[in-house]
Amino acid sequence: MENTSQKKTAVIAGAGPAGLTAALELLRHTNIHPVILEKDEVVGGISRTVRYHGNRMDIGGHRFFSKSPEVLRWWEGLMPLQRPEGPDPEKEDRVMLRRPRISRIYFLRKFFDYPITLKKETFSGLGLRRVLHAGCGYLWSCIHRLPETSLENFYINRFGRPLYRMFFEAYTEKVWGIHPSKLGADWGSQRVKGLSVSAVLRDMLSKALGRKDRDGAHVETSLIEEFIYPKYGPGQLWETAAEEIMSLGGEILMESEIVKVKVERGEVKSVSAKDKDGNLTEIHCDYFLSSMPVKDLITCIEGTEIPVEVREVAAKLPYRDFITAGLCVNKLKIGRIQDTWIYIQERDVKLGRLQIFNNWSPYLVKDCEETLWLGLEYFCSEGDELWQMSDDDFIHLAEKELIQIGLIDKGCVLDACRVKVKKAYPAYFGSYYSLNTVKTFLDTIPNLFCIGRNGQHRYNNMDHSMLTAMECVRIIQSGNLTDKDAMWNVNTEEEYHETKKS
């Protein structure tokens with residue numbers, strides 16, 4: 001390994017997309033030595049790939065799509081894209097597949113396109129009364145705009161109250177554990193800012209006229225028809241990035257939980273981490289890039305006075321936790337379908353979303369021809385009833401709910417597991433509205449940079465998290481450490497990137 005004693009050092013909290021991107025960018029474009037501290041035993045964060053009995057699970061589902069050419073080049077630089085003249089996925093392991101985007105809503109025990117379309121199947125599935133009610137509700141929303149003081153009003157302005165009640169209200173409450181009327185419109189402006197009935201109509205008209213936009217530059221992401229995906233799931237790309245970092249001389253210390261961020265004379269001077277055996281290691285640094293939850297970061301800072309208000313706001317920042325049940329089944333009651341994931345709108349079950357991993361990539365499944373590998377996604381809060389359930393009880397609940405809504409028959413589950421993820425989603429209620437108080441304080445420490453989803457307490461997509469890291473490195477390169485606006489402004493522009501319903 002190259003001698004790093006004369007180099008400046010950047011300690012990076014977290015080996016998720018933001019942390020790994022930052023480390024690789026530092027190695028490629030600066031003479032700064034990155035040291036990543038990751039408290040888990042695997043890289044990738046929520047974008048990791050979980051392995052279980054020969055099957056692979058994508059936690060939360062990660063479509064690789066971005067309107068940023070820089071991000072697209074970055075991905076393909078690590079894993080080449082499947083092309084007619086390119087790598088053959090049957091022979092090459094490190095390859096990005098082209099995958100069709102097929103997602104639907106399951107409501108009234110029927111399937112509907114997501115986003116909702118004006119196809120005859122939609123009208124027949126909803127029935128004439130609901131269709132007329134939805135149409136009138138949408139027209140009323142066009143002339144009677146509500147103040148966007150909540151996520152509920154945000155949705156109603158774009159879809160009308162009837163469609164909001166049918167396709168957004170219950171699902172959103174499942175995701176966040178709180179009614180949309182009590183959630184900020186900020187989440188909508190980040191995640192579904194360009195999606196509306198009018199956007200769907202424009203897309204349908206464009207397709208009817210034969211216009212194509214394969215690169216996605218002018219289409220809302222919920223309307224894209226194709227995305228790219230690593231052969232063995234998202235974790236494969238981040239494992240490849242980790243290997244590249246280490247080959248270039250960077251360090252990644254696994255199972256190392258940050259417990260102290262020491263500040264002297266207004267700057268971070270060292271970071272201390274505890275390994276799985278409880279041993280402490282202190283690393284002196286010139287820069288500290290944090291993708292750890294803001295709540296945890298504030299509790300770790302020592303050596304500088306933290307205003308009481310900052311501590312209180314950070315301590316109360318809300319998060320939503322996440323559980324996936326992986327079920328290997330011999331068949332679905334409805335037969336083989338092509339969906340990557342299905343949004344479960346049924347109010348009589350806790351299940352929020354269903355993934356079919358065979359359709360993300362057949363290489364995720366040990367026996368793709370004879371079995372289906374499903375991911376049942378539940379949104380919860382650490383310590384609640386779902387979180388406290390034993391693995392066996394939770395898997396039983398997941399199986400029972402799939403039977404209840406008519407997707408599988410009893411006895412078809414061959415194998416199952418459960419994966420729990422803490423602080424998967426930064427939430428937009430409570431003390432979130434005072435987050436700027438915390439941000440302002442953190443920005444007074446010039447060599448401290450907050451990147452990624454949890455680092456900024458912003459529900460970023462994977463490409464946005466990467467862009468915060470890229471902007472961070474550019475700021476470090478510039479030498480002007482007091483202007484961090486470019487880093488904080490990622491995903492606040494009007495032109496979007498990726499949209500999901502969660």
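The values are calculated or read from the model by the stated rules, or taken from the named source; none is laboratory data. The structure presented is a predicted model; accordingly, all values stated were derived computationally and were not measured. All Cβ positions, glycine included, derive from the backbone under ideal geometry; neighbour counts span all protein chains shown. All accessible areas refer to the heavy atoms of the entire protein, side chains included, with ligands and DNA or RNA removed. Shrake-Rupley method; radii C 1.70, N 1.55, O 1.52, S 1.80 Å.
Figures for the structure shown
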| read-out | value |
| --- | --- |
| Modelled FRET efficiency - R0 25 Å, Leu81 with Thr117, Cβ distances, 0.05 increments | 0.30 |
| Share antiparallel - DSSP beta bridges, the chain, percent rounded to 5 | 70 percent |
| Whole-Å distance, taken between Cα centres, linking the stretch 22-99 and the stretch 237-270 | 18 Å |
| Stretchable slack from Tyr433 to Lys276, in nm (0.36 nm times residue separation minus alpha-carbon distance) | 53.0 nm |
| Solvent exposure, largest accessible area first (probe 1.4 Å, DNA, RNA and ligands not counted), of Trp387, Trp341 | Trp387, Trp341 |
| Calculated FRET value between Leu146 and Asp483, using beta carbons and R₀ = 30 Å, to 0.05 | 0.25 |
| Local net charge near Thr21, Cβ-Cβ under 13 Å (Lys/Arg +1, Asp/Glu -1) | -1 |
| Packing-based ranking, highest mean first, of 95-105, 120-130 given that Cβ atoms within 10 Å are counted | 95-105, 120-130 |
| Derived scalar couplings ³J(HN,Hα) [the stretch 278-287; Karplus, 6.51 cos²θ - 1.76 cosθ + 1.60; whole Hz; x for Gly, Pro] | x, 7, 9, 10, 9, 10, 6, 8, 9, 9 |
| Structure-derived semi-axes √(5λ) of the Cα gyration tensor in Å - corresponding label in (1) 37, 27, 23; (2) 33, 29, 22; (3) 38, 31, 20 | (1) |
| For the stretch 296-307, 3J(HN,Hα) per residue [Karplus equation, 6.51 cos²θ - 1.76 cosθ + 1.60, θ = phi - 60°, Hz, x = Gly/Pro] | 6, 4, 4, 5, 8, 6, 10, x, 9, 6, 9, x |
| Amide N proximity, the stretch 44-85 versus Trp387 label position 7 Å along Cα-to-Cβ, cut-off under 20 Å | 45-47, 59-60 |
| Ranked packing of 14-22, 412-420, most packed first, by mean Cβ within 10 Å | 14-22, 412-420 |
| Helix-only mean residue ellipticity at 222 nm for the chain, each DSSP H run of n ≥ 4 adding -39500 (n - 2.57), per residue, nearest 500 | -9500 deg cm²/dmol |
| Built amide H within the under 5 Å cut-off of Ile252, gap 5+ | Ile36 |
| Charge-dipole axis of the stretch 255-361 as Lys and Arg at +1 and Asp and Glu at -1 on Cβ define it, positive-most pick from Val263, Leu297, Leu332 | Leu332 |
| Peptides ranked, highest mean first, by Cβ atoms within 10 Å: ranges 348-361, 169-182 | 348-361, 169-182 |
| Residues with amide H under 5 Å from that of Ser270, placed H, sequence gap 5 or more | Lys262, Cys285 |
| Whole-angstrom gap from the stretch 344-372 to the stretch 289-315, using each part's C-alpha centre | 39 Å |
| Amide H within-cut-off set for His457, under 5 Å, with H built and near neighbours excluded | Val294 |
| Nitroxide proxy distance, nm - points 7 Å out along Cα→Cβ at Glu305 and His29 | 3.7 nm |
